[in-house]
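Participant: Could you have a look at this structure, given as structure tokens, before my questions?
The values are calculated or read from the model by the stated rules, or taken from the named source; none is laboratory data. The shown structure was predicted, so the numbers you read here are calculated from the model rather than taken from an experiment. Backbone-built Cβ (ideal geometry, glycine too); neighbour counts: all protein chains shown.
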Amino acid sequence: MAVIGIRWLDQLENLLAPYPMAYPAVVLVALLLLAWLANFLTKHILLRGLRKVIERFSGPQHSAHHSLRVVARLANIVPSVVIAVGLAIVPELPPGLVKGLQALAHSWTVLTIALAVSHALDAFNAFYERRADARNKPIKGFLQVAKIVVFVLAGLSIVATLAGVKLLHVITGLGAATAVFMLIFQDTILSLVASVQISGDGRVRIGDWIEMPSQNADGDVIDIALHTVTVQNFDKTVTTIPTKKLVTESFKNWRGMQESGGRRIKRSLYLDQHSVRFLDAPGLERLGQFHLLDDYLASKQQELGQWNAQLAAQHPEPVNARRLTNLGTFRAYIERYLRSHPDIRQDMTLLVRQLAPTPQGLPLEIYCFAPTEWATYERTQSDVFDHLLAILPEFGLRVFQESSDAMLMSVREQRIAPRD
């Protein structure tokens, strides 16, 4: 077959001998057609066959997209190899032109291999992210560093090929430019160090809820890359945070709250201090109807009765006696109400306390934990305070509310309203 091909080329050369440059042009066009045919057969036959093989062994539910992209990139090497080899047999081409075209073909081969390696790293990352522990140990940043190294080496190789020198000489010549490269890639180096720290100590993982006011970020982490960490805020906007910021600046990670299963409620009722008083007999009788206060009132009245009985011998005046207050009884009611609430975590801290009085009233703080799911948490918190605000008057207490001119305006409108 080879002998027949050589004879056919000799006959074609003799036929086109009267026409200068006709035979080289025909051979060059045939070479280009051969390169195109090799590329076409590789992509349309090899890729289809590989797709069927992958779907047969892994099932059609697993995408072969990344694997086929690697093969498609490698398939582009075939035409460049055909051209690089075939240029040597094209007659009457200047040696300098042949050398330059072969250098371009070799450069294209190097670039194609670099792109194929990049797609292979993407395929490995996609495979790794299907693991259960991938969220805790992301490797995307490290793979991006590997891509940078691959493309830098490919660029140096292309420069060496086009310049006609050895790659080692180009790398040696870059030693003097190390400081310049350090300055150019300082963000990449800092981001790499930050990525290593984040991956090592697990301070941020995909799916974490983080809050970073300096970067206007308040939402879930959806991607951790070499240079940026992407956060989808709760208003569905997306914020990108430089990776190094998560090492050099403070932020809040709510993962501990989510893993604990309880989200804190820390909120105060501001009471009017003028409404605090001792409970009289009718008040005690009315509050005795609350089943949550049965044990509290009984034990407290017994305790106070014993105390006052011992004190009465020396100081029988009523002012010296200890008595129940509506505020203390309300505080005990709140604690028992929270202890009986089905959505309040009973295995976590639960307390009701008074804080220092403020110009806005006397803070009565509720400190407890509710379910972490956002909607359930807000519903539980609202239900608790709805109930407490509604039942507050039963204890003779009032919430403090800053005065406004709304009531005065209403009185003035009544005064100036025309009479019939």
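Participant: Quickly run through region 107-153 and pick out the residues that are surrounded by 18 or more Cβ atoms within 10 Å (Cβ to Cβ) and more than 28 Å from the chain's Cα centre (by Cα).
Facilitator: Hits for region 107-153 are 107, 108, 109, 110, 111, 112, 114, 116.
Participant: Among the residues of region 299-322, is there at least one that is acidic (Asp, Glu) and closer than 30 Å to residue 209 by Cα?
Facilitator: No, region 299-322 has no match at all.
Participant: In addition: Checking residue 331 against (1) more than 30 Å from residue 257 (Cβ to Cβ); (2) part of a helix (DSSP H, G or I); (3) touching a strand residue (DSSP E or B) at 6+ places or on another chain (Cβ under 7 Å), which single condition isn't satisfied?
Facilitator: So the condition that residue 331 fails would be (1).
Participant: Shifting gears a bit: Inside region 120-152, can you point out the residues that are out of contact with any helix residue (DSSP H, G or I) (no Cβ under 8 Å at 6 or more places or on another chain) and either within 20 Å of residue 189 (Cα to Cα) or modelled with pLDDT under 75 (or both)?
Facilitator: 132, 133, 135, 136, 144, 149, 152
Participant: In addition: Pick from region 336-347 the residues that are touching a strand residue (DSSP E or B) at 6+ places or on another chain (Cβ under 9 Å) and surrounded by 18 or more Cβ atoms within 10 Å (Cβ to Cβ): which of them is nearest to residue 280 (Cα to Cα)?
Facilitator: Filtering first and then ranking leaves 338.
Listed here are the residues, each with its yes/no results for (1) in contact with a Gly (Cβ under 9 Å, 6 or more places away or on another chain); (2) of a type in the set (S, T, N, Q).
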residue: 235; (1), (2): yes, no
residue: 242; (1), (2): no, no
residue: 247; (1), (2): no, no
residue: 255; (1), (2): yes, no
residue: 272; (1), (2): yes, no
residue: 291; (1), (2): no, no
residue: 294; (1), (2): yes, no
residue: 302; (1), (2): no, yes
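Participant: For region 256-297, give me the residue count where each residue is among the charged types (D, E, K, R) and buried (at least 17 other Cβ atoms within 10 Å of the Cβ).
Facilitator: Taking region 256-297 as the starting set, the residues that turn out to be among the charged types (D, E, K, R) are 259, 263-264, 266-267, 272, 277, 280, 285-286, 294-295.
Of the ones still in play, those that are also buried (at least 17 other Cβ atoms within 10 Å of the Cβ) are 263.
Going through region 256-297 one residue at a time, the tally reaches 1.
Participant: Only strands (runs of 3 or more DSSP E) wholly contained in region 187-292 count here; list those with 3 or more residues that are closer than 30 Å to residue 391 by Cβ.
Facilitator: 263-271
Participant: Pull up region 153-168, narrow it to residues that are part of a helix (DSSP H, G or I) and either on the phi > 0 side of the Ramachandran plot or out of contact with any helix residue (DSSP H, G or I) (no Cβ under 7 Å at 6 or more places or on another chain) (or both), then point me to the one that is modelled with the lowest pLDDT. Full working, then the answer.
Facilitator: Here is the first cut: in region 153-168, the ones part of a helix (DSSP H, G or I) are 153-163, 167-168.
The next check asks that each one be either on the phi > 0 side of the Ramachandran plot or out of contact with any helix residue (DSSP H, G or I) (no Cβ under 7 Å at 6 or more places or on another chain) (or both); those that pass are 153, 155, 163, 168.
Numbers: 153: 83, 155: 83, 163: 78, 168: 72.
Selected residue: 168.
Participant: Does residue 285 satisfy the condition of being out of contact with any strand residue (DSSP E or B) (no Cβ under 8 Å at 6 or more places or on another chain), modelled with pLDDT under 90 and within 27 Å of residue 125 (Cβ to Cβ)? So that I can check it myself, show each step before the final result.
Facilitator: Working: out of contact with any strand residue (DSSP E or B) (no Cβ under 8 Å at 6 or more places or on another chain): yes; modelled with pLDDT under 90: yes; within 27 Å of residue 125 (Cβ to Cβ): no.
Spelling it out, it is not the case that residue 285 is out of contact with any strand residue (DSSP E or B) (no Cβ under 8 Å at 6 or more places or on another chain), modelled with pLDDT under 90 and within 27 Å of residue 125 (Cβ to Cβ).
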